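The values are calculated or read from the model by the stated rules, or taken from the named source; none is laboratory data. From a predicted model like this one, the values you see are computed outputs, not experimental measurements. Because the Cβ atoms are built from the backbone with ideal geometry, glycine has one as well, and the counts that use them run over all protein chains shown. To get the accessible areas, we keep the full protein, side chains included, count just its heavy atoms, and leave off ligands, DNA and RNA. Shrake-Rupley method; radii C 1.70, N 1.55, O 1.52, S 1.80 Å.
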Amino acid sequence: MSYETGYGTLSGRTAVVTGAASGIGEAVAVLLAARGARVALLARRGERLEATAEKIRADGGHALAVVADVTDDASVQAAKERIQKAYGPVDLVVNNAGVMLPHPIDDGRIDEWQRMIDTNVTGVLRIIRAFTADLVGAAAEGRTADLVNVSSIGAHITFPDYAVYGATKAAVTHLSQSLRTEFGPRDVRVTTIEPGLTETELKTHVADEELSGQLDGMFEAVGGLASEEVADVIAYAAGRPRHVNLRQIMVLPTRQA
Ligand code: NDP
């Protein structure tokens, strides 16, 4: 590893990044590949994945676009088989796919609650189930093995209308904390990343005009992070020597209290 630049190389690592079609996941995939990892990019929009994978390859990196829906067991299983066939076992999993669909609780939007729970919580679990054996196996062979779960500052602070989204992210943070008791003794690192406001497509899915306007106002007030700035933190954590775990990192715009 190189301490000269402050970054560890990720050469020899095999990564899977969910939600790599846009935003933070796309930036993570590009950066991990630039640091030397082979990267499988997962999301539902194949064209977007293919375009990013193509760019990575044009820059001399290794990337595989894998269309998959984390809310679907069979789709995740098929994705895992495809990745393993192409690259062998995975040693760096970035569980990043997520949706944020705020509504006043009175609206009773069980469809949107279900979508958030199934993507942000069960989707994370499906990916963990798919790659646990790979991570444990890599660590047992003395290699670095990482499970990185992207939660949110929303796991810790409360906003009206974001109760269910916040609850899904609190679940991810708590899950990561608990999983350290099972993975840590086997040398698999579990890292929770908790970003604050970040300029991505996430906010474009907010259907309620008033809430969407509120969110725009927050971005104007504090200035969102760029996806690449969050990706930088993830790549840094993954590049540490394997006995060093930056286990829970909040990364916020300086002006976001
Ligand atoms: P984006 O909307 O840009 O990215 C979300 C990604 O998830 C997309 O690539 C999307 O691709 C993918 N995705 C959504 N649903 C599924 C699914 N069912 N199966 C597979 N992939 C899926 O937003 P962000 O980059 O901001 O979000 C990334 C993560 O960061 C999320 O977990 C979010 O909660 C978290 N976060 C974001 C913050 C922000 O301010 N932006 C702040 C704190 C946390 P596709 O639609 O093609 O499937």
Could you please find all residues in the range 32-62 being within 16 Å of the ligand (Cβ to nearest atom), surrounded by 23 or more Cβ atoms within 10 Å (Cβ to Cβ) and either touching a residue at least 40 places away in the same chain (Cβ under 8 Å) or farther than 19 Å from residue 86 by Cα (or both)?
32, 40, 42, 43
The condition from (1) hydrophobic (A, V, I, L, M, F, W, C); (2) more than 15 Å from the ligand (Cβ to nearest atom); (3) open to solvent by less than 10 Å² (accessible area, probe 1.4 Å) that residue 21 misses is numbered (2)
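Yes/no per residue for (1) polar (S, T, N, Q); (2) at pLDDT 95 or above; (3) within 19 Å of residue 135 (Cβ to Cβ):
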{"position": "14", "(1), (2), (3)": "yes, yes, yes"}
{"position": "21", "(1), (2), (3)": "no, yes, no"}
{"position": "38", "(1), (2), (3)": "no, yes, yes"}
{"position": "43", "(1), (2), (3)": "no, yes, no"}
{"position": "49", "(1), (2), (3)": "no, yes, no"}
{"position": "54", "(1), (2), (3)": "no, yes, no"}
{"position": "62", "(1), (2), (3)": "no, yes, no"}
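Please find, among 240, 247, the residue that is more than 14 Å from the ligand (Cβ to nearest atom) and touching a Gly at 6+ places or on another chain (Cβ under 7 Å).
Values: 247 fails: touching a Gly at 6+ places or on another chain (Cβ under 7 Å).
Of 240, 247, the one residue that is more than 14 Å from the ligand (Cβ to nearest atom) and touching a Gly at 6+ places or on another chain (Cβ under 7 Å) is 240.
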Any residue in the range 84-100 that is farther than 16 Å from residue 205 by Cα sitting within a Cβ distance under 8 Å of a residue that is of a type in the set (Phe, Trp, Tyr)? List the pairs, counting only those 6 or more apart or interchain.
90/131; 93/131
Do we find that residue 172 is near the ligand (Cβ under 10 Å from one of its atoms) and closer than 19 Å to residue 95 by Cα in this structure?
yes
Exactly one of 73, 69 is within 8 Å of the ligand (Cβ to nearest atom) and either farther than 27 Å from residue 195 by Cα or under 17 Å from the mean Cα position of the chain (by Cα) (or both), and that one is 69
